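Let me begin by presenting the structure, written as structure tokens, before commenting on it.
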Amino acid sequence: MLPTLLIILWALVMIALERRFPYQRQPFLRREFWTDLFWFSTVFSVLMGFLAARFIIPAIDQVTGWSATRGIREWPLWSQVLVSLLTHDLFIYLFHRAMHVNRYLWRLHEAHHSTPDVDWIGGSRGHVFENLITGTAELAPIVLFMSPEVAAIKSVIDACWGMWIHANIDWDMGKLKYVINGPYMHRWHHAREVHDVNFATKFSFWDWLLGTAYLPDRKPESYGLDVDWPQNIVVQQAFAFRRFQPKAVLRPRGPEEAARLHRGDPEFVGPAEAYRRRMQPEVVEPRQQERSIAA
Ligand SMILES: [Zn+2]
Ligand SMILES: [Zn+2]
């Protein structure tokens, strides 16, 4: 009960800050608001948590017997939470990056990028399979090696942090942005024009250390996908398993597909080259790079 109350309280704080300090102008009841609130934030998250806790993790335990070990249950609670935060965040950073590179994994991840209006609740979007994988990867080490309280504490931290990084709040965070992730960085991750940057969830230092941080001195023009995203909740989930048809995808995925679509176009550079250029913005945008370092 207390975790739910804390999450609701945090949601109200986020909503109030969005209204008072909007990053970009957008209505509170934007497109597919009720889908995100009912299906993604409530039904799917409860269902996936139940499946992981009731079936998948017991199955892992049956094979490995890990829950019989002492794990780190005797450590102070705060240090267990810290271990879970850091290890799961690194896993999510790497898995998230892989989902942006591998075209099959991208199919599971594109649901998260489908909202054209990023806000406090937009980040709850995700394919059920993606949520099942990341949820299990988070919950399994806790159930098998840590105190049960860690799961409750982590569920509150996750929900609140997810709302925060997607929130439509205009705060650049100063130097803190090099450690903690926030809307300025994560909204670029949802930008239609960029996508493949700022993979971190909670700690932004993964991106700054591993060369995937991108924070120009401007705001994205639009968010979402360049595919015709279905409106029906069931079709959205099934959409991940549609046939690969390069011509139906406006934004090419992978160098081969791009080369096929842009054959004969002298201006075209492949996605790998485009990504490399984005990662070295001083070549393309020297003044912006200076400003973002000085900020
Ligand atoms: Zn992503
Ligand atoms: Zn996101």
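Key figures
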{"item": "Pair list, Cβ under 8 Å, 6 or more apart: the range 145-164 residue free of Cβ contacts under 8 Å to residues at least 60 places away in the same chain, other residue within 16 Å of ligand 1 (Cβ to nearest atom) and assigned to a helix (DSSP H, G or I)", "result": "GLY162/GLY123; GLY162/SER124"}
{"item": "LEU108, sole failed condition from (1) touching a residue at least 60 places away in the same chain (Cβ under 8 Å); (2) within 16 Å of ligand 2 (Cβ to nearest atom); (3) more than 21 Å from PHE50 (Cα to Cα)", "result": "(3)"}
{"item": "Total residues in the range 116-154, condition buried (at least 19 other Cβ atoms within 10 Å of the Cβ), more than 12 Å from ligand 1 (Cβ to nearest atom) and not in a helix (DSSP H, G or I)", "result": "5"}
{"item": "Unmet criterion (only one of (1) assigned to a helix (DSSP H, G or I); (2) within 14 Å of ligand 2 (Cβ to nearest atom)) for CYS160", "result": "(2)"}
{"item": "Any chance PRO220 is away from ligand 1 (no atom under 12 Å from the Cβ) and either in contact with a strand residue (DSSP E or B) (Cβ under 6 Å, 6 or more places away or on another chain) or not in a loop (DSSP other than H, G, I, E, B) (or both)", "result": "yes"}
{"item": "Top-ranked residue of the range 169-197 - restricted to ones that are basic (Lys, Arg) and more than 21 Å from ARG19 (Cα to Cα), ranked as nearest to ligand 2 (Cβ to nearest atom)", "result": "ARG192"}
{"item": "Residue in the range 170-192 that is under 17 Å from ALA111 (Cα atoms) and surrounded by fewer than 19 Cβ atoms within 10 Å (Cβ to Cβ) present", "result": "yes"}
{"item": "Of the criteria (1) within 22 Å of ALA191 (Cβ to Cβ); (2) within 15 Å of ligand 1 (Cβ to nearest atom); (3) not basic (Lys, Arg), which one TRP164 fails", "result": "(2)"}
{"item": "Test: residue in the range 1-22 that is of a type in the set (S, T, N, Q), surrounded by fewer than 15 Cβ atoms within 10 Å (Cβ to Cβ) and more than 18 Å from the chain's Cα centre (by Cα)", "result": "yes"}
{"item": "Qualifying position, being at pLDDT below 90, crowded, with 17+ Cβ neighbours inside 10 Å and more than 15 Å from ligand 2 (Cβ to nearest atom), among GLU221, GLU267, GLU257", "result": "GLU257"}
{"item": "From ALA200, ALA140, residue being more than 13 Å from ligand 2 (Cβ to nearest atom) and under 29 Å from ALA53 (Cα atoms)", "result": "ALA140"}
{"item": "Filtered residues of the range 7-66 (kept if without any contact (Cβ under 8 Å) to a residue 12 or more places away in the chain, β-branched (Val, Ile, Thr) and within 26 Å of ARG187 (Cα to Cα))", "result": "ILE8, VAL13, THR42, VAL43, VAL46"}
{"item": "Filtered residues of the range 163-206 (kept if part of a helix (DSSP H, G or I) and within 13 Å of the chain's Cα centre (by Cα))", "result": "MET163, TRP164, ILE165, HIS166, PRO183, MET185, HIS186, ARG187, TRP188, HIS189"}
{"item": "Filtered residues of the range 124-135 (kept if within 12 Å of ligand 2 (Cβ to nearest atom) and in contact (Cβ under 8 Å) with a residue 60 or more places away in the chain)", "result": "SER124, ARG125, GLY126"}
{"item": "Helices (runs of 4 or more DSSP H) wholly inside the range 50-114 that include at least 3 residues being within 16 Å of ligand 1 (Cβ to nearest atom)", "result": "77-101, 103-109"}
{"item": "ALA68 vs. criteria more than 30 Å from PRO220 (Cα to Cα), of a type in the set (Gly, Ala, Ser) and either at pLDDT 95 or above or over 19 Å from the mean Cα position of the chain (by Cα) (or both)", "result": "yes"}
{"item": "Per-region count, the range 207-216, residues under 17 Å from VAL101 (Cα atoms), assigned to a helix (DSSP H, G or I) and hydrophobic (A, V, I, L, M, F, W, C)", "result": "1"}
{"item": "Verdict on LEU94 being under 25 Å from the mean Cα position of the chain (by Cα) and touching a residue at least 24 places away in the same chain (Cβ under 8 Å)", "result": "no"}
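The values are calculated or read from the model by the stated rules, or taken from the named source; none is laboratory data. On a predicted model such as this, the values are computed, not experimentally measured, just so you know. A quick note on method: Cβ atoms are made from the backbone with ideal geometry, for glycine too, and the neighbour counts reach across all protein chains shown.
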